[in-house]
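The values are calculated or read from the model by the stated rules, or taken from the named source; none is laboratory data. Not measured: the values here are computed from a predicted model. Glycine also receives a Cβ, built like all others from the backbone with ideal geometry; neighbour counts cover every protein chain displayed. Note: accessible area is taken over every heavy atom of the protein model, side chains too, but ligands, DNA and RNA are not part of it. Shrake-Rupley method; radii C 1.70, N 1.55, O 1.52, S 1.80 Å.
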Amino acid sequence: AGSATLTIPAGVTKIGFYAVCWNDLAGGADLSVGGKTVHISPNANFKGNSPYTLQITDADYYTVEVTPGSVEVKCDKRAALIGINPVEE
């Protein structure tokens, strides 16, 4: 749980990433990316202490439109974002 700031390079208008939340969050969690809300699902193997063996699926992939500069990412639950990259149009 917490927040982070992502630096979005000039020319990037959309980012894609995989995201999951802690396994005991039956209803999932809301992740805020640049003021936009993404509802993420729990991952059965995201529990206990690291190392984690996450099984990520296509359903765990999200895209969000962003503006270049700084984008704040926040989640009040324990979550993981993986493979944050620009999305080509």
Of these, Tyr62, Tyr52, which one is assigned to a loop (DSSP other than H, G, I, E, B) and of a type in the set (Phe, Trp, Tyr)?
Tyr52
Just give me the residues in region 1-24 being open to solvent by 60 Å² or more (accessible area, probe 1.4 Å), of a type in the set (Val, Ile, Thr) and not in a loop (DSSP other than H, G, I, E, B), in sequence order.
Thr5, Thr7
Does region 48-81 hold any residues that are open to solvent by less than 70 Å² (accessible area, probe 1.4 Å), farther than 23 Å from Gly11 by Cβ and in contact (Cβ under 8 Å) with a residue 60 or more places away in the chain, and which are they?
Cys75, Ala79, Ala80
Regarding Gly27, is this residue among the small types (Gly, Ala, Ser), free of Cβ contacts under 8 Å to residues at least 60 places away in the same chain, out of contact with any strand residue (DSSP E or B) (no Cβ under 7 Å at 6 or more places or on another chain) and open to solvent by less than 50 Å² (accessible area, probe 1.4 Å)?
no
